[in-house]
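Everything below concerns the one structure shown next.
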Amino acid sequence: MPWVDPWQRAKMNIGQVRNRKFHSSAIAFAPCRGYGVKIMASFLRTRLFHLWFMLRRPMTLGVRALVVNDQGQLLLVKHTYISGWHFPGGGVERGESAVESLIRELAEEANVLLEKEPNLIGFFYNNKTSVRDHVALYLCEGAIQSAEKDSDREIVAARFFNLDDLPDDVSPATKRRINEWRSGSAPARFW
């Protein structure tokens, strides 16, 4: 198969990503279960993912995107398995560059395409998740959301917010990165 520019691949695949149908876990989302069971199932699912990553990879690398659209609004996503609003992103898969992973995650989590090359803001050590986790944060300007994101098994919502009207429950790490970016200060070493 010939090499295809990652930007073009993301544009070709956005329709496939958008049309993907996910089925909720019966344990986490069954209507007959109580709210406490959903929280416990979410916690266990997160711990199992980390155990699987620990066994498969000696170090984990994730990417996050500080996405700004042409109106100067910031993209944040709300996950099903963790509280608060976060930057979109996820783990870098084997055989995938960080930028390819970023493009894939933006398409999957928010139906977002990038018109410009992302710029690396910083590389962070995330010792809150595990002792092996690292996060690369990219600034992505000129982003286009091809369609509104429907909630699925991973993402409850993906929205652009005005910088002066961010939700109250933005995660602490996301708040720190936004403040560093807005003030022009050097990024911290820790996520």
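The values are calculated or read from the model by the stated rules, or taken from the named source; none is laboratory data. This one's a predicted model, so the numbers in the text were calculated from it and none came from an experiment. Cβ atoms come from the backbone with ideal geometry, glycine included; neighbour counts cover every protein chain shown. Calculation scope for accessible area: heavy atoms of the full protein, side chains included, ligands and nucleic acids excluded. Shrake-Rupley method; radii C 1.70, N 1.55, O 1.52, S 1.80 Å.
For the range 139-149, a residue qualifies if it is assigned to a strand (DSSP E or B) and of a type outside the set (G, A, S), and the qualifying residues are L139, C140, E141, I144, Q145. Of these, E96, E115, which one is of a type in the set (D, E), more than 18 Å from L61 (Cβ to Cβ) and surrounded by fewer than 17 Cβ atoms within 10 Å (Cβ to Cβ)? Testing whether each residue is of a type in the set (D, E), more than 18 Å from L61 (Cβ to Cβ) and surrounded by fewer than 17 Cβ atoms within 10 Å (Cβ to Cβ) leaves just E115. Mind checking whether some residue in the range 139-156 is within 12 Å of Q73 (Cα to Cα), in contact with a Lys or Arg (Cβ under 6 Å, 6 or more places away or on another chain) and touching a residue at least 40 places away in the same chain (Cβ under 8 Å)? Yes, that holds for at least one residue. Among the residues of the range 169-191, those identified as open to solvent by 60 Å² or more (accessible area, probe 1.4 Å), in contact with a Gly (Cβ under 9 Å, 6 or more places away or on another chain) and assigned to a loop (DSSP other than H, G, I, E, B) are D169, A186, R189.
Tell me yes or no: at least one residue of the range 150-158 is more than 25 Å from E93 (Cα to Cα), in a strand (DSSP E or B) and among the β-branched types (V, I, T). Talk me through it step by step, then tell me what you get.
The initial filter retains those residues of the range 150-158 that are more than 25 Å from E93 (Cα to Cα), namely none.
Within the range 150-158 (the criterion being more than 25 Å from E93 (Cα to Cα), in a strand (DSSP E or B) and among the β-branched types (V, I, T)), the answer is no, since none of the residues qualifies.
Would a scan of the range 149-161 turn up a residue that is of a type in the set (S, T, Y), closer than 18 Å to W85 by Cβ and open to solvent by 60 Å² or more (accessible area, probe 1.4 Å)?
Within the range 149-161, one or more residues are of a type in the set (S, T, Y), closer than 18 Å to W85 by Cβ and open to solvent by 60 Å² or more (accessible area, probe 1.4 Å).
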